[in-house]
Each structure stands twice: as C-alpha cells, then as structure tokens.
Amino acid sequence: MTRDTRYDILFEPVKIGPVTAPSRFYQVPHCNGMGYRHPERHAAMRGIKAEGGWGVVCTEEVEIHPSSEISPSIEGRIWDASDIAYHRLMTDAVHAHGALAGIELVYNGFHAPNRETRLPPMAPTAMPVAAYDPVHARAMDRRDIQDLRRWYREAALRAKEAGFDIVYVYAGHSMSVLMHFMQARFNQRTDDYGGALENRVRLTKEVLSEAKDAVGDSCAIAFRFSVEEMIGTAGITSDGEGQDIVGMLAELPDLWDVTVSGWANDTVTARFEPSEGYQDKHTAFVKSLTTKPVVGVGRFTSVDGMVARIRGGVLDFIGAARPSIADPFLPKKIREGRVDEIRECIGCNICVTGDMQSVPIRCTQNPTMGEERRRGWHPERIAAKVSDDPVLIVGAGPAGLECALQLGKRGYPVTVAESGLEVGGRLNWESQLPGMASYRRVREYREGLLRQMANVEIYLDSALNADAVLAFQFPHVILATGSSWRRDGTGRQHQREIPGLAQRQILTPDDLMGGDVPAGKVAIFDDDHYIMGGLIAELLAGLGAQVTLITPAPLASHWTENTMEQKRIQKRLLEKEVTIVANHDLLSIDSNELETACVFTGKRRDLAADALVLVTARNADDQLHQELRGRADEFTTAGIKSLTAIGDCLAPGTVASAVYLGHLAARNLEGEPWDAGLFNRG
C-alpha cells in the first residue's frame, strides 16, 4: 500500500534542542502499572511503541527522591544510581528502533503521602496531603528548596547516564510541587517564592535552567505544564496566568508539552468528551508565544485531524497516550497506507485502571497491552497455525470477533455462527447508551478486517444447538455466547433472591435493550457499580422518567473512580434530577413499594416506584457449553478435539475482559494447556 502524500508532514524529523525526533508522533508520558516493580515489562511495552513508529517514547512520571513517592501506585523511580540500570532497559529498547526516549522527572509534593518511606511530605505551604491519609505536608524552607533543586539536577544527570534523550521538568495536573508553587491557592508564602506570579514561577525557572545546565549539551529539556485547571479564576487559566507563565518561560525549555489539569480533565472518557482535540481551545495559544516545538494531546484518532493541527500551527508533535496504547503501530500503519487497520482508542479509560489498582496496564481495544513480555504477545504478530484444522466459533460479540480475527491471522479456517442479525453482541446495544458511541469501534475494527479474510466465514441468523455443533464435526469449537443480566437480585449484596420479586414486573438492562422501557417513577438497584447502572439512570431520566438510583455503594457507579469518570457520572445524574440513594440495600419488594435499608444502621425506609430495574449480576449464557460438555463421550465420533468457552460465556466481565479472553483462546489453540506457564514472572 502507498501512503497518502497529504500525511507526509507527519513523518518529518523535528529538532528538539540537541536531539532530533524522527517523526512527529510523540508518545507522551503515561502511567502503566509496571514502573520500578516490573522494569523488563515496562521496557518491552515502550520498545513495542518505538517499533510501531512513535518518534518519541516517554516513561510515566518518575520520582526523583524518596521524600516524595506515591505508593501503592507503581510509577518510575530514579532515586539514586541503583535505578539507572532498569531505566537503561527501556532506553535500549526504544533506541533499538530509532526513536528518542524521554523521562518525566517529578517531585509530587503534597500530592504524595509517602506511605512507603514515611517521610513527611513537603509543599509550598503547610497543608494536609491531597489524599485522605491523616498526614500533613510541611512548608518548605530555603534549605528544602535548595535540596529540591539539587535533587532535580542529580536526577537529570542520572537520566542522562541511563540513556534518555529528553529529560522532563514536570509541572502539570496539580500533581507536582513545581505546579503547586505556581498555584496561588497552594502557595501562600511571603518570601521571594510566593506572592506575585513571577515569584511563584521562580522555582520552576531555576529547575529548568539547572537541568539544562546539567544535561542540555546532549539531552533536550522538556517542560510539561497544565495551562488550564478547569476551575475558573480559582486556578490557572489558559487566558490568564497560564498564558503569563508560558510567556515568562517561553524560550527556556527545548520543548513544551501542554495539557489541562487535573488528570481527570486531561484524560476524559469519550462518554463525556466525544470529540478529539478537545484540549485545543485551551492549548492552541502556546505556539504563538514560543519558537520551541509544542506537543499536545486530545485522543487524536483522525489522521486528517493530525495533519490539520500541524499545518494550522497548533502543534509540532501529535501527542498521544491512550491512542498509542490502543494501537502501538498507529504511526507505522499511517506510513504504510494502512489507515483502515488502525485500532482506534475508544476513550474508555480501562488503561487508567491499571495505574489506579497498581497492576499492569490493559486496554479494551488492544489485548496485548501490558502482555508484551509477561506473555510474549506482540500487537501485530501471532504464531502461525499448528494444523489445517477448521474452527467453529459460536457467537460474534467482542470475544468471538477478537478470537476469529486472531485465528484468521494465524491461518486457520474459521467459521463464525452468530444467532443475531449482525455481529457485535453486547456492543450493539451498549454503544447506543448515552455517550457510548465510541464502543462501536471495538466491533467495526474487527468486522472490517474479518470481512477481508478469505479463510473466515461469518453466518448471521444462525443459532446453533448441541446437535448441530456435533453434526458439523469441527475439530475445534469455541463458544462465545455471552451473558444475560439476572432478574432475581443476586449480586454482591445478595447471594439469594430478593424477597417479593414475583409480586411485580422486574426489568433488567436486557429488557431495555429489547424495547421494554419503563416510565413514571422508576427505581434502579445498582449492585454492579460499573457504568451500566448510571447509564440506565441517565437514559431513563432523559426519556422523562422520575428515576431513583439505589446502591449499596457510597457513590453512583462507584468503580468508575478507577476510570476517573465517577464525578462526571454523579454530576450528570444530579443534573438530570436523578435521586441517588447511596449506602442503601434493597431488602424486599411488594406490589406498591420497595423496602430499603441503610447498609450501616439497618434503618429502613419505603420507596414508591412504578417500575424496578435490577442492575446486579450477570449469568453466563453457557447452556450450550454445559450441554456439549455433558456429551463429551460423543466428541470422538464428531471429530471434536477441543471445546472452549470464552468471554462472558466463561465469566461475565468488561468488554476489555471479553476481548482479552478471546485473544487468549486464539493464541492458545493447539498449544499448551491454558494454565501452563501462565506468565513470565521476571
């Protein structure tokens, strides 16, 4: 294939101080849940991105000193010389493919409670730490400021020794002491580091200058700065102090990496910010104030949009965290004219949950993310088939589609039987819920590639029973028949049916999918705690229902704190006048009222409702699987060598989980048992 010449500008080299990036594709710093704990895995993941064509590949934030660490989150560390060797693993992996390696040095200040080192945190002014820990940060004195400057300089020198080409000074997302000094609400000092903006910027200017003096002969100095805090005049604004700060420091760094703050604003889910380039309105001014190159982000997925930002003078580099996770080979696919093969980010923030839960990163679109070394998976390569045995996949939801795609790539003859009139399974309805349109990309990417594969056949409106499966005599049968929402109330809070359900009609998300939409006073009991309960509440409120969401959790859609969208969900529901009854259980039901109780005190209250929607747990639709297992004595006659359940049919979970399990099954077909050598534990 030939690249569209309109995209040539994206592959121009760009000089950054003493180094030159081979292209305009720039993987900005992002968390990954591996960091100092799993340096080999981290290096492998970053190396894959360099192989995929990212001209610059950066670390996550890397702590420069033990007096500012954010355990249990697993970031990078460059506390002393003993950390250099593990960083060298990453720089070597990135340099092997001709890309530049960047390191984001950070001192977190009062954002870090120092749970591991137990050292008192430091801040411009004495204050409680940002977390709920019963810990206060002490005000930095002149000696502390001198120490901090020295720590930055020493960390920059260690970064140079580790082989990094770009060394960051980080003042973003309200997670860095340098930004805290610039924020008037946190800096209430009366010395020459407080008061007027020029004084509040002084420490950042000193650190930038000293980093440049230390390593600027061979390393570019990047400055990551949040120009807008999204809280009005109470914070830094892109039309106020944000512009003033850029003006003061304009020519000092070799590169500007500009964002909005906090992290939840910088990394908004597509549900609440569906358009790419959503930060442009805040960051576009920066290039008018500096001659140095500028990188920015905005979940860029449109190649034409990327080009427009370069030609329009908005950015010099196309920055990406999430799009580089969804498709590490995005630049190479554009270079080679394979734009239709790009796995576009859906903005679900499943990637963020790895950092939030201190485990390796994962991705809905890219099941190989985080598994590059642990399982030896590559996002673009997979082992060839072991035999010519044909494979039957029953079900074309996210698990079935991913499994079919990977088996097709391996070269197996694949037949997919889908009972519905279109492929996609749960994706087809979930993508119609408020703000969820991007989830269609999970289906569209896979379906588009499958339709081009001569060795894959897809049959719609083809429900199969056990007799049919046995009669077809496929050597390998993979079942991806999905799951259904339970209507008995069983879930986390209740291990048995909620009393009284037989007295009235009970609805589930599946019923709404089928067109049974309640009106009037509607109660939703959400014991799922991910997105579905909040989505149903938003949907029904938008249709005019009076909605009450009952949940045993302290917040609506509580688990979405891990995807950084819980506050937006709760705000949206309150704006739509949804009544949220948190910390309450649904005890029983009669024909007129629901009986609820406080999960702490047991105090009961009655709630009138015309309809009840249960969003609790799901049952695997594994009847076909169980029936076939019960007829295993017929497998030899039917020629069946293996029977596998995947996705929600095996264990209901997220779309990301379904895709992952589908991918795993495709990799393992005719290989070792699934539990043999699960991970490379190094």
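Give the residue that is surrounded by the most Cβ atoms within 10 Å (Cβ to Cβ), with candidates limited to residues of region 115-155 that are among the aromatic types (Phe, Trp, Tyr) and either at pLDDT 95 or above or assigned to a helix (DSSP H, G or I) (or both). By that ranking, first place goes to 152. Looking at the structure I just gave you, is residue 424 on the phi > 0 side of the Ramachandran plot and more than 23 Å from the chain's Cα centre (by Cα)? No, not satisfied. Taking the listed residues 432, 495, 452, the one that is of a type outside the set (Ser, Thr, Tyr) and either under 30 Å from residue 596 (Cα atoms) or not assigned by TED's automatic domain parsing to the domain that holds residue 660 (or both) is 495, with no other qualifying. Among what's in region 489-503 and is in contact (Cβ under 8 Å) with a residue 12 or more places away in the chain and surrounded by fewer than 16 Cβ atoms within 10 Å (Cβ to Cβ), pick the residue that is farthest from residue 530 (Cα to Cα). Across region 489-503, the extreme among qualifying residues is 503. A residue that is closer than 30 Å to residue 638 by Cβ, surrounded by fewer than 19 Cβ atoms within 10 Å (Cβ to Cβ), in the same structural domain as residue 653 (by TED's automatic domain parsing) and of a type in the set (A, V, I, L, M, F, W, C) cannot be found anywhere in region 390-399. Total residues in region 439-459 satisfying the condition of being exposed (fewer than 15 other Cβ atoms within 10 Å of the Cβ) and touching a residue at least 60 places away in the same chain (Cβ under 8 Å): the figure is 1.
Residues that are buried (at least 22 other Cβ atoms within 10 Å of the Cβ) and either without any contact (Cβ under 8 Å) to a residue 60 or more places away in the chain or in a helix (DSSP H, G or I) (or both) within region 223-236 comprise 223, 225, 226, 227, 228, 229, 236, listed in sequence order. The set of residues from region 370-389 being within 19 Å of residue 36 (Cβ to Cβ) and crowded, with 24+ Cβ neighbours inside 10 Å comprises 370, 372.
Here region 67-101 is the region considered, the condition is being small (Gly, Ala, Ser) and assigned to a loop (DSSP other than H, G, I, E, B), and the residue that is farthest from the chain's Cα centre (by Cα) is 67.
Here's a check for you: in region 307-340, which residue that is in a loop (DSSP other than H, G, I, E, B) and closer than 26 Å to residue 362 by Cβ is farthest from the chain's Cα centre (by Cα)? Across region 307-340, the extreme among qualifying residues is 338.
Tallying residues that are in contact with an Asp or Glu (Cβ under 7 Å, 6 or more places away or on another chain), part of a loop (DSSP other than H, G, I, E, B) and surrounded by 23 or more Cβ atoms within 10 Å (Cβ to Cβ) within region 513-538 yields 0. Taking region 237-306 as the region of interest, the helices (runs of 4 or more DSSP H) fully inside it that hold 1 or more residues being touching a Phe, Trp or Tyr at 6+ places or on another chain (Cβ under 9 Å), touching a residue at least 60 places away in the same chain (Cβ under 8 Å) and closer than 18 Å to residue 204 by Cα are 241-249. All of 51, 40, 61 fail the test of being under 21 Å from residue 114 (Cβ atoms) and touching a residue at least 12 places away in the same chain (Cβ under 8 Å), apart from 61. If you go through region 667-676 one residue at a time, do you hit one that is among the aliphatic types (A, V, I, L, M) and in contact (Cβ under 8 Å) with a residue 60 or more places away in the chain? Checked against the condition, which is being among the aliphatic types (A, V, I, L, M) and in contact (Cβ under 8 Å) with a residue 60 or more places away in the chain, region 667-676 yields at least one hit. Comparison of 446, 440, 426, 374 shows that the only residue that is touching a helix residue (DSSP H, G or I) at 6+ places or on another chain (Cβ under 9 Å) and farther than 29 Å from residue 623 by Cα is 374.
For (1) polar (S, T, N, Q); (2) more than 24 Å from residue 237 (Cβ to Cβ), each residue gets a yes or a no:
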position	(1), (2)
280	no, no
292	no, no
297	no, no
307	no, yes
311	no, yes
329	no, yes
337	no, yes
340	no, yes
358	yes, yes
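Within region 482-503, the set of residues being within 29 Å of residue 428 (Cβ to Cβ) and part of a loop (DSSP other than H, G, I, E, B) comprises 482, 486, 487, 488, 489, 490, 491, 492. Number of residues in region 539-582 that are assigned to a helix (DSSP H, G or I) and either more than 24 Å from residue 265 (Cα to Cα) or hydroxyl-bearing (Ser, Thr, Tyr) (or both) equals 5. Of all residues in region 62-89, those satisfying the criterion of being hydroxyl-bearing (Ser, Thr, Tyr) and closer than 20 Å to residue 43 by Cα are 73, 82, 86.
In region 627-651, the qualifying residues are those that are touching a strand residue (DSSP E or B) at 6+ places or on another chain (Cβ under 9 Å) and charged (D, E, K, R), and the one that is nearest to residue 396 (Cα to Cα) is 648. Answer yes or no: is there a residue in region 242-265 that is of a type in the set (Gly, Ala, Ser) and over 25 Å from residue 199 (Cβ atoms). Within region 242-265, one or more residues are of a type in the set (Gly, Ala, Ser) and over 25 Å from residue 199 (Cβ atoms). All conditions in (1) more than 15 Å from residue 145 (Cα to Cα); (2) surrounded by fewer than 16 Cβ atoms within 10 Å (Cβ to Cβ) hold for residue 220, with the sole exception of (2). Out of 563, 548, 508, 596, one residue alone is touching a residue at least 40 places away in the same chain (Cβ under 8 Å), among the polar types (S, T, N, Q), in the same structural domain as residue 492 (by TED's automatic domain parsing) and in contact with a Phe, Trp or Tyr (Cβ under 6 Å, 6 or more places away or on another chain). It is 508.
Summed over region 574-586, residues that are more than 24 Å from residue 544 (Cβ to Cβ) and either among the polar types (S, T, N, Q) or at pLDDT below 95 (or both) total 1. Test residue 293 against the criterion of being crowded, with 24+ Cβ neighbours inside 10 Å, in the same structural domain as residue 268 (by TED's automatic domain parsing) and modelled with pLDDT of 95 or more, and give yes or no. No.
The values are calculated or read from the model by the stated rules, or taken from the named source; none is laboratory data. These figures come from a predicted structure and were not determined experimentally. Every residue, glycine as well, gets a Cβ built from its backbone with ideal geometry; the counts of neighbours run over all protein chains shown.
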